[in-house]
Amino acid sequence: MRILLKLSGEQLGYEDEQGKGSGFNVERAKWIAGEIRQTLADALNNGKTEIAIMVGGGNLVRGVFFEGNDEIGQTTADNAGMLATIINATLLGDIFKAEGIPTAVLSNVSVSQVVDDFTYRRAESHFKKGRVVILAGGTGRPLVTTDTGAVNLALELGCDLVAKATKVDGVYTADPTTNPDAEKIEQISYEQAINDEQIRVMDKAALGMAGDHRMPIVIFELLQEGNIAQVAAGKPIGTRIS
Ligand code: UDP
């Protein structure tokens, strides 16, 4: 089993007044490292599990932060967002290593003083050595997000599924944080997830690419102990998009 875990930048930040994560929260990163360590330990009983992690950058910079700004162009804004993912990935990588997890960080945006460039062969070689591979820089191109990067890299690396960690425990019929009538959906098709305007848990472009290539996606709650291990063991938690 090889999984690609998508962690958004917000999940690596401190909660601000609006409940959004900003900055880089070392304690949170250590907690995530503990969950990954547990997942790798559990996997010894269920067969090998390989983990790639694509990190977002929304705790630091997102392209949309500059929407409507006349001076900063979209490409520059998106490039800044991709650089933010490198900051997150390299910090997270050090924390993983300090917590005893063999880890490599590879980036789709070349900042060669800071991080190794992603290549398929390098990633495979790290997996063979038993390392978790943290992926930075999204797709390396502007105009998309790390959700699309996650699906794209999962396909390239032959992953069995994309596990998207969120604040809520799956896809709901409406936003469960604002609508008390929202109901959880256990399983949904790509088409339904793309066409339903209420479903905003993952970018539509990412869902489209996953659908075209039949890459399963599991949407699950990050901050529940053991959840990453459960997803990696193929347990039916969260919502499965397939
Ligand atoms: N980004 C990009 N291309 C990519 C991935 C990311 O241009 O392939 C930029 C985009 O501006 C995005 C930002 O990097 O808003 C940070 O990524 P994202 O918003 O996906 O982070 P998350 O919401 O997961 O924290």
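The values are calculated or read from the model by the stated rules, or taken from the named source; none is laboratory data. Keep in mind that this is a model prediction, so the values were computed, not measured. Every residue, glycine among them, receives a Cβ derived from its backbone with ideal geometry; neighbour counts consider all protein chains shown.
At a glance:
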| item | result |
| --- | --- |
| Cβ-Cβ under 6 Å pairs, at least 6 apart or on other chains, the stretch 127-156 side of a type in the set (Asp, Glu), far side more than 6 Å from the ligand (Cβ to nearest atom) and in a helix (DSSP H, G or I) | Asp147/Ala206 |
| Residues within the stretch 128-147 that are of a type in the set (Val, Ile, Thr) and within 6 Å of the ligand (Cβ to nearest atom), tallied | 4 |
| The stretch 32-76, subset part of a helix (DSSP H, G or I) and either without any contact (Cβ under 8 Å) to a residue 40 or more places away in the chain or on the phi > 0 side of the Ramachandran plot (or both), residue surrounded by the fewest Cβ atoms within 10 Å (Cβ to Cβ) | Asn45 |
| Number of the condition not met by Thr103 [criteria: (1) more than 10 Å from the ligand (Cβ to nearest atom); (2) over 17 Å from the mean Cα position of the chain (by Cα)] | (2) |
| Members of the stretch 172-189 that are closer than 17 Å to Glu221 by Cα, of a type outside the set (A, V, I, L, M) and at pLDDT 90 or above | Tyr172, Glu183, Lys184, Glu186, Gln187 |
| Ala123 vs. criteria more than 10 Å from the ligand (Cβ to nearest atom), out of contact with any helix residue (DSSP H, G or I) (no Cβ under 6 Å at 6 or more places or on another chain) and either of a type in the set (Ser, Thr, Tyr) or under 30 Å from Ala193 (Cβ atoms) (or both) | yes |
| Cβ pairs under 7 Å, 6+ apart, first in the stretch 1-23 and without any contact (Cβ under 8 Å) to a residue 40 or more places away in the chain and of a type in the set (S, T, N, Q), second away from the ligand (no atom under 13 Å from the Cβ) and outside any strand (DSSP E or B) | Ser22/Asp16 |
| All positions within the stretch 192-240 that are within 27 Å of Gly13 (Cβ to Cβ) and of a type in the set (Lys, Arg) | Arg200, Lys204 |
| Enumeration of residues in the stretch 196-237 that are among the basic types (Lys, Arg), closer than 17 Å to Thr145 by Cβ and in a loop (DSSP other than H, G, I, E, B) | Arg200 |
| Residue list for the stretch 188-215, restricted to those being in contact with a Phe, Trp or Tyr (Cβ under 7 Å, 6 or more places away or on another chain) and within 16 Å of Leu153 (Cβ to Cβ) | Leu207, Ala210 |
| Tally of residues being within 15 Å of Thr85 (Cα to Cα), surrounded by 24 or more Cβ atoms within 10 Å (Cβ to Cβ) and either in contact with a Pro (Cβ under 6 Å, 6 or more places away or on another chain) or β-branched (Val, Ile, Thr) (or both) across the stretch 125-144 | 2 |
